[in-house]
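K.L.:
Have a look at this one before I ask anything.
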Amino acid sequence: MRTRITVLAASVWVRALCGATGSVEAAAVGARPALDYEIALEVPYKGYAGDFCFVHPRAGIVTRGPDRSPVVVMTIQKLWLKGSDVFFSINELRTDNLGCTWRGPYEHATLGRRSEPDGVLATPADFWPKWHAKSGKLLGIGVNARYANDAQIPTAPRETTYAVYDPEKRTWTPWRSLAVPAEDRFYHGGAGSAQRVDLPNGDILLPVYTKGRSKDDDSAIVLRCQFDGTTLSMVEVGGELAFKGGRGFSEPSLTRFRGRYYLTLRNDQAGYVAVSDDGMHFGPPQLWQWDDGGELGSYNTQQHWVTHQAGLFLAYTRKGANNDHIPRNRAPLFIARVDPERLTVLRATERILIPERGTPLGNFGVTEVSPDETWITDAEWMQGLRPQRIIPVDNSRGADNSIYVARIV
C-alpha cells in the first residue's frame, strides 16, 4: 500500500508503482508554485470511430479498509457527435490498483435512457460520483436531459438525478430524481457537473443551477441534503445567486478551505467566484481575475477546485493560450493556485494539466484519492468549430478521444 510520496518525479513514481508496463504517456511541465507538486498524465482508454465519443469522465473511490487501496470507478458518457449534447448510457472504467491497470468500458443500463409519454426519452447526464463517508456509499449525482428525435427539448423540465454504486455487483442502482419544492424556480436545472461538499455529519452541500419555466437565465443555489445510503433528500435551500444575461450562473462548484466555502460559477461571458462562511449564503460574486490584474479569460465553461490542506487551486480553461481554433477555447486544461483572501488566480503558478490536440477539453472532474493525491479526469470531445463540426478520425493532431487522468501528487 502506498502511504507517502517522496520527491521522485511523478512519472517515475507511477512507473515504480505499476512496473514497466505503467500507462504514463507524458508529464506536464511548467513553473512550480510555492506549494510544490508533480503532475503525471495517463491515458487509461482511447478509441474513436467518427460517430460517437466518450465525455464527462469523473472518478469516485470506494474505500476497502486501511490496508487496501481504494477501488476507483470512473463514469463516462456516450455522446452522439451529429447533435448537440445528445447523450446515451453512462459507462464505467474501473481500476482496483490505483490506475496501474484499467477495465472497461462497461455500459450501465440503469444509467441509460427511459421512455416517457409522447415519445420523449430521458437520460441522466453531467454525472459526478463521489464517496459519501458517513453512509459508506459511492453516490453519483447529476441532472437529466430529455430528447425528442435525438434533439434536446429546451422547454422540458430538468431535475437533479442520482444513483448509488454496489461494489459487490459492480453496478449502479436505477437513477432517481431528487424531490424539490413545487416552485417554478426549480422547473429546469439541477446538479449538473457539480462539485459538492460532504460535511462530517453526513450532510451534503450540493450546488445546483435552476430557472423558472419562462426565465432565460439560471441562478445558482446550494441545497443542503441528507443521504441515508439509499435516498437523497433535500432539507434546506440556500440563498440565490442571480446574474442577468449570458444565461445567468450555471454549473456551480463548491469547496471548503480553512473554514470558508468557495463557489465558482459559469457564465457565457466569464467565470465568477463567491465566498461564504456557512456554505449556504454567499457574498456578491466577483469576476475571476489574475492577481496582477486582468480577467482570467475562462468563459462559457466549467471551473472546478483542487483543495489541499496547504493550498487552494482552480482548474480551468481560458482564452489567450494560442487556442482560438478550439471551441470556446476549451483546451488546454490549466491549474493555478488561488489567493483565498483576494479571490484571484496567481498567474505565476499556472501549469498545464492536459495539453490540447485540436479538440475541446473542459468538461472534467476532480477526485481526492488521498490527502496527498488528486486526480483530474478529462476527455477529448471530438467536435470542433464549424463548418467541420465532427473532427475526423485521421485528424492532423492525432486526437482519438483519449480519456486522461492527470495525477497531482
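Please treat every number below as a calculation from the coordinates, not as lab data. Computed from a predicted model, the values in this text were never measured in an experiment. Backbone-built Cβ (ideal geometry, glycine too); neighbour counts: all protein chains shown.
K.L.:
Going by amide H atoms built from the backbone, whose H comes under 5 Å of the H on Arg158, apart from near neighbours?
P.N.:
His188, Gly189
K.L.:
Residues with amide H under 5 Å of Leu353's amide H, sequence separation 5 or more or different chain, H placed in the peptide plane at 1.01 Å from N; which?
P.N.:
HN-HN under 5 Å from Leu353: Leu333, Phe334, Ile335.
K.L.:
I've got another one for you. Quick check on the stretch 105-152: take the gyration tensor over C-alpha atoms, sort the square-rooted eigenvalues as a ≥ b ≥ c, and tell me if it's rounded (a/c under 1.5), prolate or oblate. Don't skip to the end; give the middle numbers.
P.N.:
Numbers: a/c = 2.88, a/b = 2.47, b/c = 1.17.
Taking the square roots of the gyration eigenvalues as a ≥ b ≥ c, the stretch 105-152 is prolate.
K.L.:
Go through the stretch 267-275 residue by residue and turn each phi into a ³J(HN,Hα) via Karplus (6.51, -1.76, 1.60, θ = phi - 60°); whole Hz please, and just put x for glycine and proline.
P.N.:
Calculated HN-Hα couplings, in order: 9, 4, 8, 6, x, 10, 9, 9, 10 Hz.
K.L.:
Once both labels are modelled 7 Å past Cα along the beta-carbon direction, what's the Asp96-Lys46 spacing in nm?
P.N.:
Between Asp96 and Lys46, the simple spin-label model gives 2.7 nm.
K.L.:
Summing Lys, Arg as +1 and Asp, Glu as -1, what charge do residues with Cβ under 13 Å from the Cβ of Asn144 carry, Asn144 excluded? Write out the running numbers ahead of the final one.
P.N.:
On the way: positive: Arg113, Arg114, Arg146, Arg158, Arg176; negative: Asp85, Glu116, Asp126, Glu159.
My count for the surroundings of Asn144 gives +1.
K.L.:
I need the shape label for the stretch 117-257. Rule: rounded when a/c is under 1.5, else prolate if a/b > b/c, else oblate, with a, b, c from the alpha carbon gyration tensor.
P.N.:
Working: a/c = 2.06, a/b = 1.22, b/c = 1.69.
It is oblate, given that a/c is not under 1.5 and a/b is not larger than b/c.
K.L.:
Same structure again: Relative to the compact-globule scaling 2.2 N^0.38 Å, provide the ratio for the alpha-carbon radius of gyration of the stretch 224-267. Don't skip to the answer; put the middle values down first.
P.N.:
Working: Rg = 13.6 Å, N = 44, 2.2 N^0.38 = 9.3 Å.
Expressed relative to 2.2 N^0.38 Å, the Cα Rg reads 1.47.
K.L.:
Looking at the stretch 325-356, which trypsin sites (Lys or Arg not before Pro) are in a loop (DSSP not H, G, I, E or B) and have at most 13 other Cβ atoms within 10 Å? Intermediate results must be reported in sequence, preceding the final value.
P.N.:
Values: sites: Arg328, Arg330, Arg337, Arg342, Arg347, Arg351; in loops: Arg330, Arg342.
For trypsin sites (Lys or Arg not before Pro) across the stretch 325-356 that sit outside H, G, I, E and B with at most 13 neighbouring Cβ atoms in 10 Å, the list reads Arg342.
K.L.:
Same structure again: Grab the alpha carbons of the stretch 73-174, take their convex hull, and tell me the volume per residue in Å³. Don't skip to the answer; put the middle values down first.
P.N.:
Values: hull volume 11.0 nm³, N = 102.
Given the Cα convex hull of the stretch 73-174, per-residue volume reads 108 Å³.
K.L.:
Next up: Enumerate the calculated ³J(HN,Hα) couplings along the stretch 174-189 in order (Karplus 6.51 cos²θ - 1.76 cosθ + 1.60, θ = phi - 60°), each rounded to whole Hz, writing x wherever the residue is Gly or Pro.
P.N.:
Per-residue couplings from phi come out as x, 5, 10, 9, 6, 6, 10, x, 7, 10, 4, 5, 9, 5, 9, x Hz.
K.L.:
Hey, fewest Cβ within 10 Å first, where do Ile39, Ile153 land in order?
P.N.:
Numbers: Ile39 22, Ile153 16.
Ascending Cβ contact count within 10 Å gives the list Ile153, Ile39.
K.L.:
Here's a follow-up. Under the classification rounded if a/c is under 1.5, otherwise prolate if a/b is larger than b/c and oblate if not, where does the chain fall, given a ≥ b ≥ c as square roots of the Cα gyration tensor eigenvalues? Could the numbers behind the result be given before it?
P.N.:
On the way: a/c = 1.18, a/b = 1.14, b/c = 1.04.
It comes out rounded by the Cα gyration axes.
K.L.:
Compute the signed sum of charges (Lys and Arg +1, Asp and Glu -1) over the other residues within less than 9 Å, Cβ to Cβ, of Pro340. Spell out each step's value before the answer.
P.N.:
Details: positive: Arg258, Arg260, Arg342; negative: Asp339, Glu341.
Once positives and negatives cancel, what remains is +1.
K.L.:
Further question on the same structure: Considering amide H positions built from the backbone, and no H for Pro or chain starts, which residues 5 or more places from Gly60, or on another chain, come under 5 Å of its amide H?
P.N.:
Here the answer is Val73, Met74, Thr75, since their amide H atoms fall under 5 Å of that of Gly60.
K.L.:
Further, regarding this structure: Once phi is turned into θ = phi - 60°, what whole-Hz ³J(HN,Hα) does the Karplus curve with 6.51, -1.76 and 1.60 give for every residue of the stretch 223-231, x standing for Gly and Pro?
P.N.:
Values per residue, Gly and Pro as x: 9, 8, 10, 10, 9, 9, x, 10, 10 Hz.
K.L.:
Which cysteines in the chain lack any other cysteine whose Cβ sits under 4.7 Å from their own Cβ?
P.N.:
Cys53, Cys225
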